[in-house]
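Undergrad: Following this message is one structure expressed as structure tokens.
The values are calculated or read from the model by the stated rules, or taken from the named source; none is laboratory data. These numbers were taken from a predicted model, which means no experiment stands behind them. Every residue, glycine among them, receives a Cβ derived from its backbone with ideal geometry; neighbour counts consider all protein chains shown. What goes into the accessible areas is simple: the full protein's heavy atoms, side chains included, and nothing from ligands, DNA or RNA. Shrake-Rupley method; radii C 1.70, N 1.55, O 1.52, S 1.80 Å.
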Amino acid sequence: MSGPALHLAVEIDGDGAHPAAWRRAAHSPDHLLTPRRVAQVAAIAENAGFTLITLDDGVLPPGASPDAVGRIGAVERAAFIAASTSTIGIAPVVPVTYAEPFHVSGQLASLDHISAGRAGWVVTEEERPEAARAWGRQLIADAAARARESRDGVEVARALWDSWEDDAVIRSVATSRYLDRERLHYIDFTGEAYAVKGPAIVPRPPQGQLVVLGRPDRVPAAHLDVALVEGRELAEVATAAAAAGTPRVFAEVDVALDTPQATAAERVADLERHASWRGRRWLRHVGSADQLVSLLAELSRHVDGVRLHPLVLDEDLPVLSRLVLPALSERRLVARPLPGTSLRSTLGLERPANRFAAAAVAAQEDAR
């Protein structure tokens, strides 16, 4: 017996999850960073019925010579995709280990406005020492300190998204007032490493709060909407999902699929001649589309969604689109986003009340 319908996300950074994926890409290497390439991949994912695309990022370039070493910023790519899509959610990876959370919150709020409420945020960490040098910051080498930066960064971003009440923009021609200043608020955050006063410079996002995804061992569950859980075996994923403590849970899964030209194992072996796939941190499926459908059916008993990391986008995404998602749809195992719905609505998450407006209402009731 299968579980509830799954939300499927797909990571579309670069040419795929393998560092040498570009060697099997259907396009020439100089097309990787073009707008047309980004739009094409996003369109395939949206038309297939994926709930969400994610875009990996970091201050350091991915890979090392001779493999692809360039990328455009995830937020910039997400903004471009937002303008060329209509239903799929878009969640860039934005680490806040060294980045200023005030600016990150503004970028992400802007993305939510551009996408009409389809934006999310994947919170990660900058772990490599070179990242600190690239930012011109003091190295944060301790894992606990990096987790603190992620925790504080998300807390600040969420507070800033609430620093404008929903009706703060009044646009009154009669009174020549654009804003109701009483509905803008200082957040007055003070942490161990920095302080942020606020308010934001971007109005409250359409969703109120963007959907925040991350690892619950690095960001407190109370700050996350979606936990990204890892596990090399199904039982490990089930245990991690049960302990996540977040409204929604997604499992991470690497995917290499059989294609008409080669088996999944042959394709992996071909790429392994040039570089090694990263150490296996989570589930990895190497095989047929039917076998992947069975795995996803099993996962649906334990998690709300799955984020897939295709070996090579140009080879695996068409198989996912042509064989996997239709098979899941036939078994009513995949949830598809609907036009005009926010990412929060698609995931079954309520639009949260503004904390400052709620506090004002509570104060008024107490005064009666």
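Undergrad: Tell me the mean residue ellipticity at 222 nm calculated for the chain from its helices only (DSSP H runs of n ≥ 4, each -39500 (n - 2.57), averaged over every residue, nearest 500).
TA: Helix contribution divided over all residues of the chain: -10000 deg cm²/dmol.
Undergrad: Right, here's the next one. Given Cβ point charges of +1 (Lys, Arg) and -1 (Asp, Glu) and nothing else, what value in debye, to the nearest 20, does the dipole of segment 136-177 about its Cα centre take?
TA: 180
Undergrad: Another question, then. Counting only heavy atoms of the protein chains, get the accessible area per residue of segment 14-107 (1.4 Å probe) and round it to a whole Å² value.
TA: Solvent-accessible surface per residue comes out at 39 Å².
Undergrad: While we're on this one: For segment 208-305, compute Rh as the Kirkwood radius over C-alpha pairs and then the Stokes-Einstein diffusion coefficient at 25 °C and 0.890 mPa s; write the answer in µm²/s, rounded to an integer.
TA: It diffuses with D of about 166 µm²/s by this estimate.
Undergrad: Moving on. Quote the charge dipole size of segment 236-368 about the Cα centre in Debye, to the nearest 20; the model charges only the Cβ of Lys and Arg (+1) and of Asp and Glu (-1).
TA: 440
Undergrad: Just name one of Pro337, Leu295, Leu308: the one whose Cα is farthest towards the positive end of the charge dipole of segment 240-368 (beta-carbon charges, Lys/Arg +1, Asp/Glu -1).
TA: Pro337
Undergrad: What dipole magnitude, in Debye to the nearest 20, does the chain give about its Cα centre under +1 on Lys/Arg Cβ and -1 on Asp/Glu Cβ?
TA: Approximately 440 debye in magnitude.
Undergrad: Alpha carbon centre of segment 231-291 versus segment 1-44: separation in Å?
TA: Rounded to whole Å, the Cα centres lie 15 Å apart.
Undergrad: Taking amide H positions as placed 1.01 Å from N in the peptide plane, with prolines and chain starts having none, which residues 5 or more places from Arg307, or on another chain, fall under 5 Å of its amide H?
TA: Ala9, Ala251, Glu252, Val253
Undergrad: Shifting gears a bit: In square nanometres, what is one fourth of the surface area of the convex hull spanned by the alpha carbons of the chain?
TA: 21.1
Undergrad: Round to the nearest 10 and give me the degree value, 0 to 90, for the angle of helix 74-84's Cα axis relative to the longest principal axis of the chain.
TA: Once rounded, the angle reads 90 degrees.
Undergrad: For segment 125-282, report the accessible area per residue in Å² (1.4 Å probe, heavy atoms, rounded to an integer).
TA: 50
Undergrad: In degrees, nearest 10, range 0 to 90: what is the angle between the Cα axis of helix 143-162 and the longest Cα principal axis of the chain?
TA: 50
Undergrad: Kirkwood hydrodynamic radius for segment 255-368: how many Å is it when counted over pairs of different Cα atoms?
TA: Across segment 255-368, the inverse of the average 1/r is 17.4 Å.
Undergrad: Please sort 239-251, 142-154 by packing, taking for each peptide the average over its residues of neighbouring beta carbons within 10 angstrom, highest first.
TA: 239-251, 142-154
Undergrad: May I pose another question? Return the distance in nm (one decimal) between the two label points of a simple spin-label model at Glu266 and Asp217, each offset 7 Å from Cα along Cα→Cβ.
TA: 3.7
Undergrad: Can you work out ³J(HN,Hα) from phi for every residue in segment 21-35, in order, using Karplus 6.51 cos²θ - 1.76 cosθ + 1.60 and θ = phi - 60°, giving whole Hz and x for Gly and Pro?
TA: For segment 21-35, the Karplus curve yields 4, 4, 5, 10, 5, 7, 10, 6, x, 6, 8, 4, 9, 8, x Hz.
Undergrad: Next question. What does the highest-first list of 326-336, 15-25 look like by mean Cβ count within 10 Å?
TA: The densest-packed peptide leads the list: 15-25, 326-336.
Undergrad: Work from the charge dipole of segment 73-128 (Cβ charges, +1 for Lys and Arg, -1 for Asp and Glu, about the Cα centre) and give the residue of Gly73, Ile114, Ala99 farthest towards its positive end.
TA: Result: Ile114, furthest along the dipole toward the positive end.
Undergrad: Over segment 185-256, what relative contact order in percent results from Cα pairs under 8 Å that are six or more residues apart?
TA: Relative contact order, segment 185-256: 21 percent.
Undergrad: Same structure, new question: Tell me, what is the percent relative contact order of the chain, built from C-alpha pairs under 8 Å that lie six or more residues apart?
TA: 24
Undergrad: Still on this model: With each label point set 7 Å from Cα along the Cα-Cβ vector, what nm distance links Arg232 and Arg177?
TA: Those two pseudo-labels are separated by 6.2 nm.
Undergrad: Among Leu224, Phe250, Ala240, which residue has its Cα furthest toward the positive end of the charge dipole of segment 208-259, with +1 on Lys/Arg Cβ and -1 on Asp/Glu Cβ?
TA: So the residue furthest toward the plus end is Leu224.
Undergrad: How big is D, in µm² s⁻¹, for segment 1-110 by Stokes-Einstein at 25 °C and 0.890 mPa s if Rh is the Kirkwood radius over C-alpha pairs?
TA: It comes out at roughly 162 µm²/s.
Undergrad: Roll a 1.4 angstrom probe over the protein heavy atoms and tell me the percent of accessible area of the chain that is carbon or sulfur.
TA: 53
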